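Okay, so here's the structure we're looking at.
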Amino acid sequence: MSEKIGFQAEINKMLGIVINSLYSEKYIFLRELISNASDACDKLRYLSLTKPDIAKDNGELKIVITPNEKENTLTIADNGIGMNRDDLINHLGTIAKSGTADFVANMKENGSSAELIGQFGVGFYSAFMVAKKVEILTKKAGEEKAWKWVSDGVDGFEIEEAEKPTIGTEIKLYLKDDEKNYVDTIYLRHLIRTYSDHINYPIMLNLGEAGEEKVNSASALWSKNKAEITQEQYKDFYQHISHNFDDPWLTLHFKAEGSIEYTGLLFIPSNPPYDLFQPDHKHGLKLYVNRVFISDKVEELMPNYLRFVKGVIDSSDLPLNISREMLQQNALVAKIRSSTVSRLLKELKKRSENYEDYLKFWQAFGVAFKEGIYEDFTNREEVASLSLFYSTHDADKLTTLDQYVERMKEDQKAIYYITGDDVKVLANNPQLEVFKQKGIEVLLLTDPIDEFWTQTLVNYKGKAIKHISQAENMMFERSGEKAEEGSLQKLTQLMTDMFKNEVGKVVVTEKLTNSPVSLTVENGQMSIHLERLMRNHQQQTAFASTRILEINPYHPLIIKLSEIVQDESQRSKVEEVAKILLDQAKIAEGEPISDPAFYASKISDYILKSF
């Protein structure tokens with residue numbers, strides 16, 4: 001007896017968009033279903049290493065495509081690992097586990113972009129672009145029961161026990177009336193050879209009484225000589241293993257020889273996946289041993305900051321029966337990782353010479369890549385040299401640390417930076433005023449990871465890396481009219497008493513030129529930006545930084561306040577202006593002010609009086 005199970009609401013939305021918005025890319029369904037069949041064969045091949053009897057009498061692993069012109073159906077069958085009831089329910093609805101809302105929103109925003117199919121891992125659902133009904137008959141290796149899954153892509157699906165003598169999966173598409181070209185054997189040959197020729201298992205076209213015809217070359221692309229491979233073949237293979245539809249931004253194919261031999265075929269996508277910053281993001285490398293698939297969950301092959309890299313590593317030096325635990329401890333895997341990362345960084349160095357080209361990579365993956373400055377002790381400085389940053393030198397063009405160092409003043413000993421949420425806001429921060437006046441460049445850092453790598457990479461090529469708050473006052477000797485020291489001291493004491501619950505100190509600074517005040521923290525403490533980040537992530541720290549209100553003794557407003565602070569009759573006016581100044585300092589740092597109504601009212605009053 002069949003069981004009816006409804007799709008979740010967001011699955012229904014997603015299916016509607018896939019079916020109705022991707023007509024120009026309908027043929028992708030065949031590539032996606034063939035790729036899924038290939039994965040199923042990979043999994044059974046690996047399982048057979050430890051359980052040789054599990055695929056007994058299963059024959060050669062292969063994928064069979066059967067068109068039926070009379071019934072207007074197309075069947076994609078494999079004798080891979082198969083699925084059970086739970087697999088059918090869970091695996092065909094993985095988009096429901098994470099990212100569904102993002103997928104729906106992005107599809108609506110981007111229209112008929114087939115790239116989003118790959119980004120969100122919903123390749124199976126593309127079958128409904130050409131099929132009015134999909135029927136799956138499957139039996140999992142090692143199990144007795146077979147199962148049948150049926151859906152029209154609208155009202156959920158039905159699932160029931162079925163009969164199937166052999167393991168594997170058959171996906172039968174009942175094609176829509178206007179999709180008869182997908183039972184045309186000439187067209188099917190073209191699609192398979194164009195988009196799936198690289199599949200590592202025979203793809204057989206069932207010609208009925210004429211028998212089966214092998215359509216693809218069925219050889220591991222990475223094992224071929226580079227001179228024999230076209231860019232189109234590389235692209236097709238990249239799209240197969242990544243389930244993406246963009247072109248790879250970088251293709252790196254190499255054979256390592258020496259103490260350990262292995263082949264690598266790696267790709268950096270053009271577009272970032274939607275889950276790049278999600279904790280459960282799956283790394284993109286597949287591990288093979290002598291062309292036998294081992295695992296696609298080998299995090300040890302690639303550091304986390306390069307998690308966007310897709311591809312294959314194939315080594316003959318690793319044992320076929322290597323377990324996940326052995327992979328974590330295996331010294332050869334560590335060597336492969338080290339060598340592969342080194343090759344990737346060298347390739348990125350070459351590509352970085354073309355700024356416009358490299359900028360595409362940086363905009364897609366720069367935030368993740370910068371994590372390497374913090375995480376990768378061995379390659380820390382190299383990752384830093386390949387990173388791009390905004391700075392006060394040029395608002396429109398990103399810079400490297402090497403370019404910054406080349407522009408440093410002769411007597412400048414440090415690379416200076418400031419952190420915040422927005423580049424434009426940072427560029428107008430009062431604390432930068434004297435740096436601009438002195439012609440000292442400052443990096444404008446706005447990514448959360450910037451708060452962490454700047455604490456671990458304290459020097460770069462002999463130059464200290466410092467927050468601008470760590471700059472010495474003596475660097476910024478000033479001249480001109482200045483508030484009288486005695487009255488200035490009285491003003492700072494009054495402001496210290498007034499703001500004792502909001503700031504730890506009120507101090508005089510030489511670092512301001514145009515602004516009367518600015519807000520900073522004690523040297524060595526957590527920056528205001530980092531503290532705000534942690535607060536936003538509900539990680540309130542017990543070690544909150546001590547706020548310091550800096551005042552500019554050369555500013556006319558501070559000079560005036562220091563003069564009238566001596567007059568008790570002017571006390572309320574001084575306090576009112578002091579509160580406004582503190583609010584201005586908070587706003588410049590992106591901090592909330594304590595009494596917005598007071599601030600808005602007083603600013604309006606002062607504007608009105610200026611007319």
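The values are calculated or read from the model by the stated rules, or taken from the named source; none is laboratory data. Quantities reported herein were computed from a predicted structural model and do not represent experimental measurements. In this analysis, Cβ positions are derived from the backbone assuming ideal geometry, glycine residues included, and neighbour counts consider all displayed protein chains. Remember, those area values only see protein heavy atoms, side chains included, never the ligands or the DNA or RNA. Shrake-Rupley method; radii C 1.70, N 1.55, O 1.52, S 1.80 Å.
Taking the condition over 23 Å from Tyr417 (Cβ atoms) and open to solvent by 40 Å² or more (accessible area, probe 1.4 Å), does Ser562 pass? I'd like the intermediate steps shown before the answer.
Values: over 23 Å from Tyr417 (Cβ atoms): yes; open to solvent by 40 Å² or more (accessible area, probe 1.4 Å): no.
Judged against the criteria, Ser562 is not a match.
Give the residues of region 285-300 that are farther than 16 Å from Leu221 by Cβ and either open to solvent by 10 Å² or more (accessible area, probe 1.4 Å) or modelled with pLDDT of 90 or more (or both), sorted by residue number.
Listed by number, the residues that qualify are Ser295, Asp296, Lys297, Glu299, Glu300.
Looking at Leu444, Leu426, Leu386, can you tell me which residue is hydrophobic (A, V, I, L, M, F, W, C) and farther than 30 Å from Pro516 by Cβ?
Details: Leu444 fails: farther than 30 Å from Pro516 by Cβ; Leu426 fails: farther than 30 Å from Pro516 by Cβ.
Selected residue: Leu386, the only one of Leu444, Leu426, Leu386 that is hydrophobic (A, V, I, L, M, F, W, C) and farther than 30 Å from Pro516 by Cβ.
Taking region 448-462 as the region of interest, how many residues are crowded, with 16+ Cβ neighbours inside 10 Å and either polar (S, T, N, Q) or touching a helix residue (DSSP H, G or I) at 6+ places or on another chain (Cβ under 6 Å) (or both)? Outline the logic, then answer.
Initially, region 448-462 is screened for residues crowded, with 16+ Cβ neighbours inside 10 Å, giving 448-454, 457, 460.
Adding the requirement that they be either polar (S, T, N, Q) or touching a helix residue (DSSP H, G or I) at 6+ places or on another chain (Cβ under 6 Å) (or both) leaves 448-449, 451-454, 457, 460.
Going through region 448-462 one residue at a time, the tally reaches 8.
Please find, within region 461-491, the residue that is modelled with the highest pLDDT out of those that are within 30 Å of the chain's Cα centre (by Cα) and under 20 Å from Leu426 (Cβ atoms).
Applying the filter and picking the extreme gives Ile465.
Looking only at region 155-179, how many residues end up being open to solvent by 40 Å² or more (accessible area, probe 1.4 Å) and within 17 Å of Phe29 (Cβ to Cβ)? I'd like the intermediate steps shown before the answer.
We begin by selecting, within region 155-179, every residue open to solvent by 40 Å² or more (accessible area, probe 1.4 Å); these are 155, 158, 160-161, 163, 165-166, 170, 172, 174, 176-178.
In the following step, the residues that additionally are within 17 Å of Phe29 (Cβ to Cβ) were identified as 170, 172, 174, 176-178.
So the count comes out to 6.
Please list, ordered by residue number, the helices (runs of 4 or more DSSP H) wholly in region 380-469 having 2 or more residues that are within 20 Å of Ser527 (Cβ to Cβ) and in contact with a Leu (Cβ under 8 Å, 6 or more places away or on another chain). Step through it out loud before you land on a result.
Values: elements: 380-385, 401-407, 423-427, 433-438, 450-456.
Output list reads 423-427, 433-438, 450-456.
Give the residues of region 480-500 that are outside any helix (DSSP H, G or I), of a type in the set (A, V, I, L, M, F, W, C) and under 18 Å from Leu519 (Cβ atoms), sorted by residue number. It would help to see each step written out before you state the result.
From region 480-500, those outside any helix (DSSP H, G or I) are 480-484, 499-500; that's our starting set.
Checking the rest, the ones that are also of a type in the set (A, V, I, L, M, F, W, C) come to 483, 499.
Across region 480-500, the qualifying residue is only Phe499.
Examine region 297-315 for a residue that is assigned to a loop (DSSP other than H, G, I, E, B) and among the acidic types (Asp, Glu), and state whether such a residue exists. Step through it out loud before you land on a result.
Initially, region 297-315 is screened for residues assigned to a loop (DSSP other than H, G, I, E, B), giving 297-298, 302-303, 307-309.
Filter once more, keeping what is among the acidic types (Asp, Glu): none.
No, there is no match, as no residue in region 297-315 is assigned to a loop (DSSP other than H, G, I, E, B) and among the acidic types (Asp, Glu).
Hey, Ser352 hits all of (1) of a type in the set (Gly, Ala, Ser); (2) within 20 Å of the chain's Cα centre (by Cα); (3) farther than 23 Å from Pro269 by Cα but one; which does it fall short on?
So Ser352 meets the others, but not (3).
Consider Ser594 carefully, then state whether it is more than 26 Å from Glu485 (Cβ to Cβ), at pLDDT 90 or above and surrounded by fewer than 17 Cβ atoms within 10 Å (Cβ to Cβ). Walk me through it before giving the result.
Details: more than 26 Å from Glu485 (Cβ to Cβ): yes; at pLDDT 90 or above: no; surrounded by fewer than 17 Cβ atoms within 10 Å (Cβ to Cβ): yes.
So Ser594 does not fit the description; no.
Which residues, counting only those in region 297-315, are more than 18 Å from Gly366 (Cβ to Cβ) and touching a residue at least 40 places away in the same chain (Cβ under 8 Å)?
Of the residues in region 297-315, the ones more than 18 Å from Gly366 (Cβ to Cβ) are 297-301, 311-315.
Within region 297-315, Gly311, Val312, Ile313, Asp314, Ser315 meet the criteria.
Checking the structure you have, find out if any residue of region 54-67 is open to solvent by 20 Å² or more (accessible area, probe 1.4 Å), part of a loop (DSSP other than H, G, I, E, B), in contact with a Phe, Trp or Tyr (Cβ under 6 Å, 6 or more places away or on another chain) and not charged (D, E, K, R).
yes
Within region 335-346, can you find the residues that are touching an Asp or Glu at 6+ places or on another chain (Cβ under 7 Å) and open to solvent by 60 Å² or more (accessible area, probe 1.4 Å)? Spell out the reasoning first.
Taking region 335-346 as the starting set, the residues that turn out to be touching an Asp or Glu at 6+ places or on another chain (Cβ under 7 Å) are 337, 345.
Residue satisfying the conditions is Arg337 alone.
Can you name the number of the only condition in (1) touching a strand residue (DSSP E or B) at 6+ places or on another chain (Cβ under 9 Å); (2) more than 25 Å from Ala37 (Cα to Cα) that Asp246 fails?
Looking at each condition in turn, Asp246 falls short on (2).
Taking Asp396 as meeting all but one of (1) in contact (Cβ under 8 Å) with a residue 24 or more places away in the chain; (2) surrounded by fewer than 20 Cβ atoms within 10 Å (Cβ to Cβ); (3) of a type outside the set (Val, Ile, Thr), write down the number of the exception.
Result: Asp396 passes all but (1).
Residue check: is Gln489 among the polar types (S, T, N, Q), out of contact with any strand residue (DSSP E or B) (no Cβ under 7 Å at 6 or more places or on another chain), open to solvent by 60 Å² or more (accessible area, probe 1.4 Å) and more than 26 Å from Val506 (Cα to Cα)? Walk me through it before giving the result.
Numbers: among the polar types (S, T, N, Q): yes; out of contact with any strand residue (DSSP E or B) (no Cβ under 7 Å at 6 or more places or on another chain): yes; open to solvent by 60 Å² or more (accessible area, probe 1.4 Å): yes; more than 26 Å from Val506 (Cα to Cα): no.
No: the conditions fail for Gln489.
Could you list, in sequence order, the residues of region 587-611 that are in contact with a helix residue (DSSP H, G or I) (Cβ under 9 Å, 6 or more places away or on another chain) and basic (Lys, Arg)? Write out each step before concluding.
At the first step, the residues of region 587-611 found to be in contact with a helix residue (DSSP H, G or I) (Cβ under 9 Å, 6 or more places away or on another chain) are 587-596, 598-599, 602-603, 606.
Lys602, the sole residue that qualifies.
Quick one: would you say Leu512 is among the hydrophobic types (A, V, I, L, M, F, W, C), within 21 Å of Arg478 (Cα to Cα) and at pLDDT below 90? Please lay out each step first, then the result.
Numbers: among the hydrophobic types (A, V, I, L, M, F, W, C): yes; within 21 Å of Arg478 (Cα to Cα): yes; at pLDDT below 90: yes.
Taking the combined requirement at face value, the residue satisfies it.
Can you name the residue in region 189-241 that is part of a loop (DSSP other than H, G, I, E, B) and open to solvent by 40 Å² or more (accessible area, probe 1.4 Å) and, of all such residues, is nearest to Ile76 (Cα to Cα)?
First pass over region 189-241, keeping only residues part of a loop (DSSP other than H, G, I, E, B): 196-202, 207, 211, 215-220, 224-225, 229-230.
Next, from what is left, pick out any that are open to solvent by 40 Å² or more (accessible area, probe 1.4 Å): 207, 217, 224-225, 230.
On the way: Leu207: 13, Ser217: 18, Lys224: 27, Asn225: 31, Thr230: 27 Å.
Among residues in region 189-241 that are part of a loop (DSSP other than H, G, I, E, B) and open to solvent by 40 Å² or more (accessible area, probe 1.4 Å), the one nearest to Ile76 (Cα to Cα) is Leu207.
If we keep just the residues of region 242-262 that are of a type in the set (Ser, Thr, Tyr) and farther than 14 Å from Lys310 by Cα, which is surrounded by the most Cβ atoms within 10 Å (Cβ to Cβ)? Working first, answer last.
Taking region 242-262 first, the residues of a type in the set (Ser, Thr, Tyr) are 242, 251, 259, 262.
This time we only want the ones that are farther than 14 Å from Lys310 by Cα, so: 259, 262.
Numbers: Ser259: 9, Tyr262: 22.
So the residue we want is Tyr262.
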